[in-house]
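Accompanying notes for the structure given below.
The values are calculated or read from the model by the stated rules, or taken from the named source; none is laboratory data. What you see is a predicted model; the values in this text were computed from it and never measured. Cβ coordinates were reconstructed from backbone atoms using ideal geometry, including for glycine residues, and neighbour counts include every protein chain displayed. What goes into the accessible areas is simple: the full protein's heavy atoms, side chains included, and nothing from ligands, DNA or RNA. Shrake-Rupley method; radii C 1.70, N 1.55, O 1.52, S 1.80 Å.
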Amino acid sequence: MDTTLPIHQNPYDIESIRGDFPILSEKINGHPLAFLDSGASPQKPEAVLQRMEHMYRHEYANVHRGAYTLSQAATDHYENARQTVARYLNAASDEEIIFTRNVTSSINLVAHCYGREFLKSGDEIIITHMEHHANIVPWQLLREAVGIELKVIPIDDAGNLMMDKFEELLSPRTRLVSVTHISNVLGTVLPVKEIIRLAHAHDARVLIDGAQGIMHSRVDVQELDVDFYGFTGHKLYGPSGIGVLYGKRDILNSMPPYEGGGDMIDRVTFEKTTYRETPARFEAGTPAIVEAAGLAAAVEYVESIGIERIAAHEQSLLDYATARLSAIEGLRIYGEAEDKAGVVSFTIEGVHPHDISTIIDSHGVAVRAGHHCAQPLMDRFDLAATARASLGMYNNKSDIDQLVEALEFAKDIFN
Ligand SMILES: *Cc1c(COP(=O)(O)O)cnc(C)c1O
């Protein structure tokens, strides 16, 4: 963040930001696009599109293999992207940044390589009631493989994590605490620093699912003292197909490899193979080369605006959206945590969430309807589905107004 200028002298230039995202000028069903599904995947700025196209046109080859100019250029782009991500997260070293496919594969990597190596029957893993399936199912697979126990921190009706219950669940058998940074359904921002402190006091490691955290907040892995932090490139305005797993170097080097193949080995014979250290050990095969460069461009773009300023913009828009939506009769919002980011889940009496989404789409409004890959959370609120409007850096008040008008129209159809 540019701290040399007070914010009022350095306004958040929403129009120029919107201009950086070509898709926002598309018309959908004859209406301007009001894109309110950034929680699923935000749109991409010109800077990302151009970096990727430029690389494919002028600087493309496989990485880590050739001594020729193009291969060297591609390798530089790929490794520079790792440095950019390391710097952005304030990692101690770029060797702590592993490129994966998405946060799902980052979490599975930890479940497989850390879980199967270090956890045994009777050990406990703690998650929360508001996890995405990506932070539930890998631990259930681990439970089937080695017999760990899975404990769940409950949440209250407003969507706050019940920290006193967390403290009760912590025990000498707790080996890992794996929680989301921000709920993709309720918007709840978890007190991750406190969670990490408490877990460490019980000698447990901590993994944070940062899929939402990375797009709505500043993440400093050293300040957090987190052991693993995973995120997915496409939710930070970058391309799909690339994710990140940050891990403390010593822990990563103590873990066996995930997949075997090219690039992750030190020496291969038919009798015995030795592996390279992190990150190469966890990156078998040709990686997402151009996607890594695209992710670096996305990070630089976000930095050029400042994630704190993006978060502040989204926060004021969240307040506006909450006020306007609450005024709609029969509309109920789920998730009223004290600390909440730009996600609004809601239902409207008498209208199925999928119908809401379909009808307002005809007015150019894109919101998601469904269980949002969080079925246990839906069960907690006795719901099958919600509609969810989620914010990105480019949303403005007219997007919210367009949503509200379209919802009034949808209600009229059903009444
Ligand atoms: C989107 C999301 C995921 C899954 O991301 P992928 O890119 O599909 O791996 C996991 N957790 C949360 C909280 C999410 O919002």
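Between Glu259 and Lys193, the contour length at 0.36 nm per residue exceeds the alpha carbon distance by 20.6 nm. Extension gain for Glu168 to Gln375 (0.36 nm times residue separation, less C-alpha to C-alpha distance): 72.1 nm.
Would you kindly state how much longer the chain becomes between His31 and Ala145 on full extension, computed as 0.36 nm times their sequence separation minus their alpha carbon distance, in nm to one decimal?
35.9 nm
With 28 Å as the limit on Cα-Cα distance, the pairs of Lys165/Lys397; Lys235/Lys411; Lys235/Lys340; Lys340/Lys397; Lys151/Lys272; Lys151/Lys248 that go past it are Lys165/Lys397; Lys235/Lys411; Lys151/Lys272.
Spatially, region 257-294 and region 79-141 are offset by 17 Å when compared through their Cα centroids.
Think of each Lys and Arg Cβ as +1 and each Asp and Glu Cβ as -1; about the Cα centre, that makes the dipole of the chain roughly 880 debye. Solvent-accessible area of the chain (1.4 angstrom probe, protein heavy atoms only): carbon and sulfur portion equals 48 percent. For the chain, leaving out every one of the chymotrypsin sites (Phe, Trp or Tyr not before Pro) that falls in a DSSP loop and has at most 12 other Cβ atoms within 10 Å, the longest unbroken run is 69-269. Of the two radii for region 338-384, the radius of gyration is 0.99 times the Kirkwood radius, both from the alpha carbons; that is the Rg over Rh value.
Which angle between 0 and 90 degrees, to the nearest 10, do you get for helix 307-326 versus the longest principal axis of the chain when only C-alpha atoms count? For 307-326 against the chain, the angle is about 40 degrees.
Computed over region 194-238, the percent of Cα pairs more than 17 Å apart is 34. Backbone N atoms of region 318-358 closer than 17 Å to the 7 Å Cα→Cβ label point of Asp157 belong to residues 331-338, 347. Here region 134-236 has an Rg and Dmax of 13.5, 37 Å, counting Cα atoms alone.
Which shape class applies to region 51-303: rounded if a/c is under 1.5, otherwise prolate when a/b exceeds b/c and oblate if not, where a ≥ b ≥ c are the square roots of the Cα gyration tensor eigenvalues?
Oblate.
Helix 46-58 and the long axis of the chain differ in direction by around 40°, with both axes built from C-alpha atoms. Placing unit charges on the Cβ atoms of the charged side chains and taking the dipole of the chain about its Cα centre, the candidate lying farthest along the positive direction among Ala92, Leu33, Phe409 is Ala92.
Can you tell me the FRET efficiency between His352 and Ser240 if r is taken as the Cβ-Cβ distance and R0 is 35 Å, rounded to the nearest 0.05? The value I calculate is 0.75.
Computed over protein heavy atoms with a 1.4 Å probe, the accessible surface of region 51-303 works out to 40 Å² per residue.
When ligands, DNA and RNA are left out and all protein chains stay put, how many square angstrom of accessible area per residue does region 342-387 have with a 1.4 Å probe?
38 Å²
Nearest 10 degrees, 0 to 90: what angle lies between the long axis of helix 397-414 and the longest principal axis of the chain (Cα atoms)? For 397-414 against the chain, the angle is about 60 degrees. In plain terms, the chain is cut at each of the trypsin sites (Lys or Arg not before Pro) found in a DSSP loop with at most 16 other Cβ atoms within 10 Å, and the longest leftover piece is 277-415.
Per q in 0.12, 0.16, 0.19, 0.29 Å⁻¹, report the Debye log10 I(q)/I(0) for region 356-414, using one uniform scatterer on each alpha carbon and no solvent. Normalising to I(0) and taking log10 leaves -0.34, -0.58, -0.76, -1.11.
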